[in-house]
1. So if we plug the beta-carbon distance of B:Asp50 and B:Leu151 into 1/(1 + (r/R0)^6) with R0 = 45 Å, what FRET efficiency do we get, rounded to 0.05?
2. For an R0 of 45 angstrom, estimate the FRET efficiency from the Cβ-Cβ distance between B:His79 and A:Val75 and round to the nearest 0.05.
3. Please give the helix A:2-15 orientation as an angle from the longest Cα principal axis of chain A, in degrees from 0 to 90, rounded to the nearest 10.
4. Using r as the Cβ-Cβ distance of B:Ala280 and A:Ser46, and R0 as 35 Å, what FRET efficiency do you calculate, to the nearest 0.05?
5. How high is the relative contact order of segment B:46-114, in percent, with contacts defined as C-alpha pairs under 8 Å that are six or more residues apart?
6. To make sure I understand, if each residue's beta carbon is the centre and we count other beta carbons within 10 Å, what order do B:Trp90, B:Trp232 fall in, fewest to most?
7. Quick check on my link table: of B:Lys234/B:Lys259; A:Lys89/B:Lys73; B:Lys134/B:Lys168; B:Lys73/B:Lys289, which ones sit more than 28 Å apart, alpha carbon to alpha carbon?
8. Using alpha carbons only, how many degrees (0 to 90, rounded to 10) separate the axis of helix A:17-53 from the longest principal axis of chain A?
Amino acid sequence: MTMYSLLQVAAEAASNSRGLGFIGAGLGAGLAVIGAGIGIGRIGGSAAEGMARQPEAGGRIQTAALIFAALIEGVALFGAVIAYQIQGKL
Amino acid sequence: MRPSGRILASLFRTPIALGVTVAMALMAPALATGGRLLAQEPAAAEKPVDYITPHITDSYELEIPWVNSHFAKEVCLGHHEPNGHCGPLWGPVHIGSLEVNLSPTKHVVFMLLSAAVAIVILVGSAQAQRRHQKEAGHVKGFAGGIEAMVLYLRNEVVLPNVGPHGDKYVPFGLTLFFFILLMNLFGLIPYGATATGNIAVTATLAIITLVVVEVSGMIAQGPGYLGTIFYWNKDLPLFMRPIMFVVMTPVEFISKLSKPFALAIRLFANMTAGHIVVLALIGLIFAFKSLASGAPFIMAVAIMALELFVALLQAYIFTLLSSVFIGLLREGGHSSGIGNTGNGEPGTGNRGSLLGKQGFRGEGAPTRKWYPAEWPEKLVEARASVTSSA
């Protein structure tokens, strides 16, 4: 199976010391994205609730929600960029 | 404007001209060293070939696409080196102990291309709009679409956020938006490179914004500008002021520098991350050595649609945040911010579309249709102000 070759590469990577560095970079990026997911999910929930309470403010709420989501995503991508730099230096 | 501010203004002409001049002096080393830093990442491990990094980073080769392989080629933008690769066109420029590489690369070509296309589109639309005004009384066609975007940016993004007399910041905001948008969009077409995926380019744009923000703050506030650096709050009791001065001044410094830093990183990371995801998904085909019944393709198409949205959104966010920072520093940091709805003087708050013109719980808000109801007044208002003032 072709999955076997992928698993082989992963085992090879984990067995030398660079593998731990790769695991660290991947873990860092993943954890950073968790925060973004939670934050943007909360914005989505509040935006939907606000639009349900007051449908005529829907356009304004949508614009504001989009802007806040982009700001939070920027912060999460800080973490992703650092993880990318780590794997580039390994 | 205070007299000292007027003197400063006459010294600096406009903050935007000064900002661009200073930033262009800084642009070249930033462009070169940033591009070099990014190209220093090692391209491959022992066995696996790296498909992703060459498509994201800057290079000296430009790929010309064509439908058949006879005319498609890779153009070397520098000299052919003995080992077969393509090297820089010009030698490094030495500034003190710093070596700066100024030779043209792929991203430079795409930046110039975006600038040229932006000039053609915007100037052409302006001339078409003038012509249509004379003939038909209203603008039509593609120029009408560009006019709609320009007016939206002017009325909803720049003017509500930069504070009073904001008309001279509108060209700056429009330039930022259209330049960044075109650079982002050129990265999405096949064989295109995202110039904003280079940290040096986004850092240059952020430095330009920083200079515009600080200089316009200096002009608008005069000596009060120092109050935005050295924290001296007259509302505190007398013994608290030096303590807060020592504590808050580094915070103010960092906040002044971290805002453009965040702008640069946000734009760079959004553009690069999207491309990395698409390339990784296509790379699955190579990893599995089969088409995998089109699943990576479908996922990559979905991510590309998201990338298109992110390209527009990030250009909009950059412009919006630049306008907000300009407005924050011009107001002096007393009033305004995204949440201010008014009657705090001066300028009575942020009349932007984020919280709108409504009071508590929305009473008094006009029921706002999306396009037709309010646009005619705004359009007339815009044209009148354009023709009457400068």
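Since every read-out is calculated from the coordinates, none of them should be taken as a lab result. Keep in mind that this is a model prediction, so the values were computed, not measured. So basically every Cβ, Gly included, is an ideal-geometry build from the backbone, and we count neighbours across all protein chains shown.
1. Given R0 = 45 Å and the Cβ-Cβ separation, E is 0.50.
2. 0.60
3. Roughly 80 degrees between the two axes.
4. Approximately 0.60, to the nearest 0.05.
5. Worked out over segment B:46-114, it gives 26 percent.
6. B:Trp90, B:Trp232
7. A:Lys89/B:Lys73, as the Cα separations exceed 28 Å there.
8. That helix lies at roughly 10 degrees to the long axis.
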